[in-house]
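Here is the structure we will look at, set down as structure tokens.
The values are calculated or read from the model by the stated rules, or taken from the named source; none is laboratory data. All of these numbers come straight from a predicted model, not from anything done at the bench. So basically every Cβ, Gly included, is an ideal-geometry build from the backbone, and we count neighbours across all protein chains shown. The protein model used for the area step is the full one, side chains on, heavy atoms only, and it has no ligands, DNA or RNA in it. Shrake-Rupley method; radii C 1.70, N 1.55, O 1.52, S 1.80 Å.
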Amino acid sequence: MANFWWGSNTNNSKIHWKKWKFMCSSKADGGMGFRSFIYFNQALLAKQAWGILENPSSLLARALKACYFKNGDFLSAQKDILPALTWQSICDGKDLLMKGLRWKIGTENKIRCASDP
């Protein structure tokens, strides 16, 4: 990405005048305001995981359930020994999603006081 902004050619690379971390910082902080592709990708994967959690009857959720968590639920599903890249990525999104999930009391969920946040 930096090569795109600072330029390069086949013989040699040009100087990168600023670090990518600076380019991704906000304009208010003196940066360029670009999105960090790493964080953007993580947010999209967490959104996919949220879609599976909220709509378990969707085609994607049913296909993944048949392959990866037949007898359990999505939140307790683990990565297998050799999972597909799609499943690995959705599990990474699920891990990020789990950091912000909270149980709502009174919705007929089973809450384990010792381990659930």
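Would you say LEU45 is more than 30 Å from LYS21 (Cα to Cα), open to solvent by less than 80 Å² (accessible area, probe 1.4 Å), touching a residue at least 40 places away in the same chain (Cβ under 8 Å) and not in a loop (DSSP other than H, G, I, E, B)?
Criteria not met by LEU45.
Residues being more than 21 Å from LYS110 (Cβ to Cβ), open to solvent by 60 Å² or more (accessible area, probe 1.4 Å) and touching a Pro at 6+ places or on another chain (Cβ under 8 Å): count how many of those fall in the stretch 62-99.
1
Just need a number here: residues in the stretch 84-102 that are closer than 18 Å to ALA46 by Cβ and either touching a Gly at 6+ places or on another chain (Cβ under 9 Å) or not charged (D, E, K, R) (or both).
The total comes to 13.
Condition check: open to solvent by 100 Å² or more (accessible area, probe 1.4 Å) and under 27 Å from THR86 (Cα atoms). Does LEU59 satisfy that?
It is true that LEU59 is open to solvent by 100 Å² or more (accessible area, probe 1.4 Å) and under 27 Å from THR86 (Cα atoms).
If you check GLN78 against the conditions, is it within 19 Å of ALA46 (Cβ to Cβ) and outside any helix (DSSP H, G or I)?
Yes, satisfied.
Among the numbered conditions (1) modelled with pLDDT under 90; (2) more than 20 Å from the chain's Cα centre (by Cα), tell me where LEU82 comes up short.
Going through the list (1) modelled with pLDDT under 90; (2) more than 20 Å from the chain's Cα centre (by Cα), LEU82 breaks only (2).
Mind listing whichever residues of the stretch 20-34 are in a loop (DSSP other than H, G, I, E, B) and surrounded by 11 or more Cβ atoms within 10 Å (Cβ to Cβ)?
SER25, GLY31, MET32, GLY33, PHE34
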